[in-house]
Amino acid sequence: TELVRHNTRPLEFTEAGLTALRRIEPIIRAHESLVSSIMNDNRSLEGKIRLSSAPGFAARRLTPILQRFHQSYPNITVEILVGLKEAEVQKGLCDIATLTGEPTMPGLVYMSRGRNVFLPVASPDYIRRNGMPFHPDQLRSHTGYVYAGPVRSETKELVRCGKAEPIVYGTAIRSTDVLAVRRAVLDGMGIAVDLPLVQISEDLLQGRLVPILPGWFRPPVECFNVTTRSAWHMKRVRVFFEWYSRELQ
């Protein structure tokens, strides 16, 4: 059933879409009320939560988020782990983990935490010295820094307008540390075609990095916060899980 008329600007709901909207709004309000009542009830909200995150995100972004949570729930402590996989969550090695891509293993509870958006970038100094690449074919004359860590698969191709092109660098330097890749690109040592926007947003705004390969990109990847059904039954885990997912979105 078509819910939105895609041939209008701005987009408009169809009659079916308006009906769905009217029906879903009270359900959403009831859900928000339930979450609010759970989060506002601080009884039994104490203990430890073992949280796994991507290493680069844990190093640069996670601490301020956890400080905000601690202000509301001072009796819950969070132990930070890095890089645990879906199978390790299922085994109970952590209570909550953020994973790239939708989980597939049984017995897990998960919620979207938003998308990872990747950009091809270089430093202005590198571009002045080596020129701006406009097409993936031109990467053969550049040094590329490649993320080859455990969080996501290595980027092998870029797409534009539905067309995919392979990536072949003149020199490729691989690292399992996304922050090491970022540092090398900031220092003008090469380019990267898939740095996560969450890691470089300030660098772009302040001009330390600039986009390259106009229109070419690695498609975004949906990310999920994941816990086990047994951990979900612990109130502190449920409260943190929903709060944390909203913060990351």
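Taken together, the values in this text are just the output of simple stated rules run on the coordinates, not laboratory data. The model shown is predicted, which means the values in this text are computed figures rather than measured ones. Cβ coordinates were reconstructed from backbone atoms using ideal geometry, including for glycine residues, and neighbour counts include every protein chain displayed.
In summary, the convex hull built on the alpha carbon positions of segment 108-178 has an orientation-averaged projected area of 6.7 nm². By the compact-protein rule of thumb, 2.2 N^0.38 Å, the alpha-carbon radius of gyration of segment 198-249 corresponds to a ratio of 1.76.
For segment 1-112, the percent of C-alpha pairs falling in each 10 Å distance bin, counted from 0 to the bin holding the largest distance, reads 11, 26, 28, 20, 14, 0. Note: relative contact order over the chain, using C-alpha pairs below 8 Å and six or more positions apart, is 26 percent. For segment 138-249, the alpha carbon positions stretch 55, 31, 26 Å along the principal axes, listed from largest to smallest.
Here the chain carries DSSP beta bridges of which approximately 60% are antiparallel, counting only pairs with both residues inside.
As a size descriptor, the averaged projected area of the C-alpha convex hull of segment 47-182 was calculated at 10.8 nm².
How large is log10 of I(q)/I(0) for segment 164-220 at q = 0.24, 0.27 Å⁻¹ when the intensity is taken from the Debye formula with one equal scatterer per alpha-carbon? Debye curve over Cα of segment 164-220, log10 I(q)/I(0) at q = 0.24, 0.27 Å⁻¹: -1.20, -1.44. Each peptide among 110-122, 146-158 gets the average number of other Cβ atoms lying within 10 Å of its residues, and from highest to lowest they stand as 110-122, 146-158. Quick note on segment 51-96: its Rg to Rh ratio, both from C-alpha atoms and Rh being the Kirkwood radius, is 1.01. As a size descriptor, the averaged projected area of the C-alpha convex hull of the chain was calculated at 16.6 nm². Among MET132, MET105, MET189, the residue with the largest mean-square fluctuation in a Gaussian network model of the chain, with springs joining Cα atoms closer than 10 Å, is MET105.
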